[in-house]
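No lab work stands behind these numbers, since they all come straight from the coordinates. Quick caveat: nothing in here was measured; it's all calculated off a predicted structure. All Cβ positions, even for glycine, are placed from backbone atoms using ideal geometry, and neighbour counts span all protein chains on display.
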Amino acid sequence: MKLAGKTALITGGGSGIGLATARLFAAEGARVAITGRTAEKLETARREIGAATLAEAADVGDFAAFSEAVSRVAEALGGLDIVFANAGISASRPLGGTDPRQTASWTGKGLQATRRTRYPAPRS
Ligand SMILES: NC(=O)c1ccc[n+]([C@@H]2O[C@H](COP(=O)([O-])OP(=O)(O)OC[C@H]3O[C@@H](n4cnc5c(N)ncnc54)[C@H](OP(=O)(O)O)[C@@H]3O)[C@@H](O)[C@H]2O)c1
């Protein structure tokens with residue numbers, strides 16, 4: 001197993017790409033934590049991935065709440081080896097129908113929160 005003994009935080013891990021990644025990481029031996037805004041969705045995903053999975057409801061656009069969630073997860077897992085900053089909105093629009101300001105806001109918030117949050121140093 002490629003990730004045996006590793007810990008991973010996956011934002012937006014309650015569905016889609018994040019959930020698929022969480023499943024794969026857990027199958028490869030990692031202890032996984034997932035975040036997202038919808039507690040029920042996270043709980044369903046947590047059960048599916050495995051009982052050892054942690055789930056924390058937090059909006060990446062809310063810097064204080066997201067930072068606190070990261071701290072709790074890092075403490076519970078004894079540190080973080082991997083952070084997958086995946087949370088965001090997936091929306092398909094016809095080319096030409098996309099508003100660049102909207103796109104910047106969708107992706108920018110998640111990336112800003114990820115960059116500003118103080119993550120623990122990866123364990124050696
Ligand atoms: N699918 C594609 O073709 C594609 C292409 C390019 C990029 N992406 C990017 O890849 C990522 C995942 O896409 P996906 O297709 O897997 O989308 P998805 O199924 O909608 O999953 C996105 C996840 O992020 C969570 N989320 C959204 N906004 C959040 C916020 N502000 N704070 C915390 N969690 C949030 C959602 O849960 P809640 O709503 O419960 O918070 C959801 O579980 C997104 O960032 C998307 O922009 C996707």
How large is the helix-only mean residue ellipticity at 222 nm for the chain, computed as the sum of -39500 (n - 2.57) over DSSP H runs with n ≥ 4, divided by its residue count, in deg cm²/dmol to the nearest 500? -14000 deg cm²/dmol
Need one number for the chain: average projected area of the convex hull over its C-alpha atoms, nm². 8.1
GNM flexibility winner over the chain from G16, G88, G96 (Cα, springs under 10 Å): G96
Cα convex hull of segment 1-55, projected area averaged across orientations, nm²: 3.0
With +1 on each Lys and Arg Cβ and -1 on each Asp and Glu Cβ, how big is the dipole of the chain about its Cα centre, in debye rounded to the nearest 20? 260
A chain fully extended from S92 to F63 at 0.36 nm per residue, minus the present Cα-Cα distance, gains in nm 7.8 nm
For T38 and A4, extending 7 Å from Cα along the Cα-Cβ vector and measuring point to point gives, in nm, a value of 3.7
